[in-house]
1. Taking the highest mean first, how do the peptides 375-383, 217-225, 160-168, 261-269 order by number of other beta carbon atoms within 10 angstrom per residue?
2. Angle check, please: helix 290-299 long axis (alpha carbons) against the longest principal axis of the chain (alpha carbons), in degrees 0 to 90, nearest 10.
3. Just list whichever of Lys29/Lys51; Lys38/Lys391; Lys38/Lys156; Lys38/Lys159 have alpha carbons separated by over 24 Å in the model shown.
4. List the trypsin sites (Lys or Arg not before Pro) within segment 36-136 that fall in a DSSP loop (any state other than H, G, I, E or B) and whose Cβ has at most 11 other Cβ atoms within 10 Å.
5. Relative to the longest principal axis of the C-alpha atoms of the chain, give the angle of the C-alpha long axis of helix 48-60, reported between 0 and 90° and rounded to the nearest 10°.
6. Taking loop as defined by DSSP and a crowding limit of 10 other beta carbons within 10 Å, which GluC sites (Glu not before Pro) in segment 1-77 fit?
7. Can you list the lysines whose alpha carbon is less than 18 Å from that of Lys264, not counting same-chain residues fewer than 8 positions off?
8. What are the chymotrypsin sites (Phe, Trp or Tyr not before Pro) within segment 1-59 that DSSP puts in a loop, where the Cβ has at most 11 other Cβ atoms within 10 Å?
Amino acid sequence: MKFDSLSPMPADPILGLMTQYRLDNHPHKIDLGVGVYKDEAGHTPILACVKAAEQHRIDTEETKVYIGPTGSADFNQLIAELAFSASHQVIEQNRVRTVSTPGGTGALRVAADFIKRVNPQAVIWVSDPTWANHTGLFEAAGITVKTYPYYDHDNKTLKFDEMLACLEQVSSDDVVLLHACCHNPSGMDLTNAQWDQIATLASDKSFTPLIDMAYQGFGDGVDEDAYGVRTVAAQVESMILCSSCSKNFGLYRERIGACSIIGKDSQAADIAFSVLLYVVRCIYSMPPAHGAAIVETILGSQELKQQWLDELAVMRNRINGNRAMLVDQLKALGVQRDFSFIASQKGMFSFLGINPQQVAEIQTKHSVYMVDSSRISIAGIGEANVDYLAKAIADVL
Ligand code: LMR
């Protein structure tokens with residue numbers, strides 16, 4: 001084998017931007033690239049509830065011995081209850097099985113290898129557009145990826161009728177990936193009434209929903225953002241949920257997420273779980289424990305959980321405030337184009353709607369960084385830079 005026959009891979013469209021931004025010395029540079037929460041000072045803080053839980057862990061941890069492929073049982077139960085709610089029928093009927101995973105991406109990769117084992121011919125349907133890493137990740141597991149219509153770039157609306165028409169044709173052997181909330185990259189979420197229709201369709205057509213929930217609590221609230229997950233889970237026989245604690249607990253580098261599968265009954269769930277554990281063993285054997293220990297300490301304590309919900313609300317409100325602030329600032333500058341859609345979209349991202357040349361120009365002329373599609377990470381906006389940003393946008397328009 002000769003490595004010198006390889007051709008170089010291009011930098012990842014999102015992670016490559018992080019490096020470029022760090023190297024830029026412009027005093028007013030703005031990072032609207034990677035989906036990471038930032039405070040007004042442009043800093044990504046460690047939540048106070050996380051600090052407290054880490055201290056508790058330092059004081060009480062007694063061993064570093066292996067836990068096993070499932071990861072912590074307490075974390076798994078608490079994270080499943082956070083997603084589905086403790087009183088949901090799938091929990092009460094003992095149909096959910098969960099493993100802790102290295103981040104939300106780890107959860108997706110476990111899900112992908114699991115799907116490949118269940119049905120080697122499976123096709124996964126993803127929204128057009130979807131998170132840039134979804135396609136590569138599923139293709140790396142040998143799964144064919146196809147798209148269903150989702151976001152209308154011209155009208156800044158959801159192509160819901162086209163999405164439904166496409167999903168009507170999906171085979172019962174296939175998987176449909178849905179974003180639970182805070183759609184990445186568009187910020188355009190399904191309404192509750194639309195989730196009701198998707199749940200009915202999934203049940204009628206018997207395809208398997210795979211719901212990716214990377215931003216629970218960043219849209220409208222922890223329970224509100226789980227409406228789709230809970231509604232679909234109540235209607236289908238089998239389902240997969242991938243969740244992430246990177247954003248809502250601010251645990252990015254600790255790499256903690258979860259993959260939950262729902263079987264049609266407890267016995268089916270047990271069998272599927274044995275396959276899931278085999279898949280985990282073949283990828284990374286066992287998940288890291290630190291992030292899970294933090295999350296289970298927070299969710300297992302009434303006081304820390306309340307503190308977490310309060311800190312999460314601060315992050316959510318700041319992002320929503322940034323949305324409105326950018327729209328107002330553009331209006332105040334007399335920009336003719338209507339950007340009001342940004343204020344009504346949800347979560348960390350929206351498409352600004354400028355073309356790739358304008359994206360390149362705003363980067364080289366003004367040191368404003370965003371991915372080529374013009375997806376902007378709303379958390380990078382603040383009172384201190386919104387005027388500079390709005391002027392830069394106005395300049396390239
Ligand atoms: C993003 O979309 O920016 C985040 O999910 C971070 C990542 O890994 O891409």
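The values are calculated or read from the model by the stated rules, or taken from the named source; none is laboratory data. Computed from a predicted model, the values in this text were never measured in an experiment. Glycine also receives a Cβ, built like all others from the backbone with ideal geometry; neighbour counts cover every protein chain displayed. Just the protein is used for accessible areas: all its heavy atoms, side chains included, with ligands, DNA and RNA removed. Shrake-Rupley method; radii C 1.70, N 1.55, O 1.52, S 1.80 Å.
1. The most tightly packed comes first, giving 375-383, 217-225, 261-269, 160-168.
2. 90 degrees
3. Working: Lys29/Lys51 30 Å; Lys38/Lys391 21 Å; Lys38/Lys156 26 Å; Lys38/Lys159 31 Å.
Where the Cα-Cα span goes over 24 Å, the pairs concerned are Lys29/Lys51; Lys38/Lys156; Lys38/Lys159.
4. Numbers: sites: Lys38, Lys51, Arg57, Lys64, Arg95, Arg97, Arg109, Lys116, Arg117; in loops: Lys38, Lys64, Arg95.
Passing sites in segment 36-136 are Lys64.
5. 40 degrees
6. Working: sites: Glu40, Glu54, Glu61, Glu62; in loops: Glu40, Glu61, Glu62.
Passing both the DSSP loop test and the Cβ count: Glu62.
7. Leaving aside lysines fewer than 8 places away in the same chain, those within reach of Lys264 are Lys205.
8. Details: sites: Phe3, Tyr21, Tyr37; in loops: Tyr37.
Qualifying residues, ordered by number: none.
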